[in-house]
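Data first, discussion second: the structure below is written as structure tokens.
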Amino acid sequence: MPSRSLPTYHLIGKLKTPMGSGGAKKASHGPWGPGQSGAPTLSSVAKLLRDDHAYQARNVVVLAGAGISTASGIPDFRSPKTGLYANLKRYSLPYPEAIFDIDYFREKPQAFFTLSKELYPGNFKPTLTHCFFKLLEDKAKLLRVFTQNIDTLERLAGLPADRIVEAHGSFATSRCIRCKEEVSQRWIKEKVTAGQVAYCPQESCQRKTGGQGGLVKPDIVFFGEGLPDRFFACLDDLKKADLLIVVGTSLQVQPFASLVDAVHPSCPRILLNLERVGEIASYGSGGAGGLDRFFGGMRGAMNEKGFDFEGWTLPKDKGKEHIRDVFWEGKCDEGVEELARELGWTEDLHRLHRDICRKIDEENGSTELGKQQDESLARAQQEAEKTADEVTSQLEDKRHSDDLAHRLADLDVNDGKGETTEQATVEQVETLKRSGGPSL
Ligand code: CNA
């Protein structure tokens, strides 16, 4: 939910890399090596990651989107039937994106808080794709993961914070949009899981707003807000990238989508996605591709606007050349599994995934156990307090009775019908009690 106010062309202009300078290593036959015939495939990409291949990608940059988390149960935005936008009817929004629009949030925050209940981290586990990123890091191949996701699953997969750029922020921290004071995670979690709108708990903020306090919002970037500083601070990584993996994103949101074109023009790029996205519109046989070749220098500019899975068409039916982009169609978890298989990493990938999921289960289990223990402790305390009250009350009753007995004895209430003083006293005390007690 990035800023619409940040013009995309700023970013593209800033990142433009001149053809042929710096950036990825050059191999004599391009990144794919001499054995490559025809269009590169997933298998060709796997070779780039092999230690025995001439290219040896060591600065992999990943651009990730909501599609990498759908397998963990978090819906994406734009998938036709399952995506959030297809299921927002119940919020009666003026337009789907309004739910993440800062102006709409200020006016009607309830829709966001109702939705957040479904998305809030804690109920989800990283997917194989998240674990593949961690595996790339373990194998010293990963430079950075730029993610649009706000679910923090990259962190949960064990990636160190400095390898991640959460371009659209995350649920990890929250603050008042008025006084900017950060609130505790526990506090906001309670509000979100209860589906309640959160207002600033700071007294000073409440005083200034006449009681309620400013709205509190997780630090996720809404439409109309700027991207985190870290996003801009890490942009140079793109220039260093020697393999770009784009995964699970519709590339509809700017400026993130423009990062695809921020890598060096010779950097190989792969898209692992359910659908083809982010392609340069004007490429194709007989189309602008031909013109592009004719005008030569224009090519760079043209090529900076998306994937080119087909390659440039050579004149006179000489086929295609310079295919650097690969589209792999399917579920990204299956794509990374295939990559792992090609690399001999299958066991590593599955072990990592298993271990991470088990750790999360254990932590959730211990939290759940802790919660149960707390509850049972609270119940035991309540019982103990109840028993103590009862004992106190019985003791008071007894003291009361004894007191009455003494007084009655003093009055010599035994009428001489053979009852003991004690028996008579008990009956009389009971009678007195039933009648509301004496006013002694
Ligand atoms: P999007 O626009 O919803 O696109 C998702 C893309 O992933 C689509 O092209 C799908 O076809 C594709 N896809 C879905 N499932 C899979 C799968 N299993 N394997 C491969 N491809 C798949 O989402 P984007 O990330 O492109 O849009 C950016 C928005 C979405 C960001 O601002 C996010 O904050 C926001 N978002 C994040 C989450 C999350 O944190 N998990 C969830 C929903 C939305």
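The values are calculated or read from the model by the stated rules, or taken from the named source; none is laboratory data. Only a predicted model underlies this, so the values are computations on that prediction, with no experimental measurement involved. Here the Cβ positions follow ideal geometry from the backbone for every residue, glycine too, while neighbour counts run over all protein chains shown. Only protein heavy atoms, including side chains, enter the accessible area calculation; ligands, DNA and RNA are left aside. Shrake-Rupley method; radii C 1.70, N 1.55, O 1.52, S 1.80 Å.
Please work out which residue is farthest from Asn364 (Cα to Cα), limiting yourself to segment 150-184 and to residues that are open to solvent by 60 Å² or more (accessible area, probe 1.4 Å) and within 15 Å of the ligand (Cβ to nearest atom). Before the answer, list the steps.
Here is the first cut: in segment 150-184, the ones open to solvent by 60 Å² or more (accessible area, probe 1.4 Å) are 155-156, 161-163, 175, 178, 180-182, 184.
Checking the rest, the ones that are also within 15 Å of the ligand (Cβ to nearest atom) come to 155-156.
Details: Arg155: 16, Leu156: 13 Å.
Within segment 150-184, the match that is farthest from Asn364 (Cα to Cα) is Arg155.
Every residue, every condition in (1) in contact with a helix residue (DSSP H, G or I) (Cβ under 8 Å, 6 or more places away or on another chain); (2) closer than 21 Å to Asn273 by Cβ; (3) in contact (Cβ under 8 Å) with a residue 40 or more places away in the chain, yes or no:
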residue: Gly67; (1), (2), (3): yes, yes, yes
residue: Ser79; (1), (2), (3): yes, yes, yes
residue: Tyr85; (1), (2), (3): yes, yes, no
residue: Leu88; (1), (2), (3): yes, no, no
residue: Tyr95; (1), (2), (3): no, no, no
residue: Asp103; (1), (2), (3): no, no, yes
residue: Thr129; (1), (2), (3): yes, yes, yes
residue: Lys134; (1), (2), (3): yes, yes, yes
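Scanning segment 200-216 for residues that are open to solvent by 10 Å² or more (accessible area, probe 1.4 Å) and touching a residue at least 40 places away in the same chain (Cβ under 8 Å) turns up just one, Leu215.
Looking at segment 152-198, which of its residues are in a strand (DSSP E or B) and in contact with a helix residue (DSSP H, G or I) (Cβ under 7 Å, 6 or more places away or on another chain)? Spell out the reasoning first.
Of the residues in segment 152-198, the ones in a strand (DSSP E or B) are 164-166, 169-176, 182-183.
Once the filter is applied, which keeps residues that are in a strand (DSSP E or B) and in contact with a helix residue (DSSP H, G or I) (Cβ under 7 Å, 6 or more places away or on another chain), segment 152-198 yields Ile164, Val165, Ser174, Cys176.
When restricted to residues that are at positive phi and not in a loop (DSSP other than H, G, I, E, B), segment 237-267 contains 0.
Restricting the search to segment 67-79, which residues are modelled with pLDDT under 95, near the ligand (Cβ under 6 Å from one of its atoms) and closer than 16 Å to Leu156 by Cβ? The one that is modelled with pLDDT under 95, near the ligand (Cβ under 6 Å from one of its atoms) and closer than 16 Å to Leu156 by Cβ: Ile74.
The residues of segment 261-283 that are under 28 Å from Ser72 (Cα atoms) and either within 22 Å of the chain's Cα centre (by Cα) or open to solvent by 10 Å² or more (accessible area, probe 1.4 Å) (or both), listed by number, are Leu271, Leu272, Asn273, Leu274, Glu275, Arg276, Val277, Gly278, Glu279. In the set (1) open to solvent by 90 Å² or more (accessible area, probe 1.4 Å); (2) at pLDDT below 70; (3) in contact with a Lys or Arg (Cβ under 8 Å, 6 or more places away or on another chain), Glu329 fails one condition alone, (2).
Just name the residue that is nearest to Asp348 (Cα to Cα) out of those in segment 128-145 that are away from the ligand (no atom under 16 Å from the Cβ) and assigned to a helix (DSSP H, G or I).
Taking segment 128-145 and keeping what is away from the ligand (no atom under 16 Å from the Cβ), we get 134-144.
Remaining after also requiring assigned to a helix (DSSP H, G or I): 134-138.
Numbers: Lys134: 11, Leu135: 8, Leu136: 11, Glu137: 12, Asp138: 10 Å.
Of everything passing the filter in segment 128-145, Leu135 is nearest to Asp348 (Cα to Cα).
The residue list Pro126, Pro96 contains one member that is open to solvent by 10 Å² or more (accessible area, probe 1.4 Å) and farther than 17 Å from Leu63 by Cβ, which is Pro96. If the condition is being more than 16 Å from Ala66 (Cα to Cα) and part of a loop (DSSP other than H, G, I, E, B), then segment 268-280 contributes Pro268, Ile280.
Within segment 172-186, can one find any residue that is touching a residue at least 40 places away in the same chain (Cβ under 8 Å) and touching a Phe, Trp or Tyr at 6+ places or on another chain (Cβ under 6 Å)? Within segment 172-186, none of the residues are touching a residue at least 40 places away in the same chain (Cβ under 8 Å) and touching a Phe, Trp or Tyr at 6+ places or on another chain (Cβ under 6 Å).
When Ser116 is tested against the conditions (1) under 24 Å from Glu337 (Cα atoms); (2) at pLDDT below 95, the lone failure is (1).
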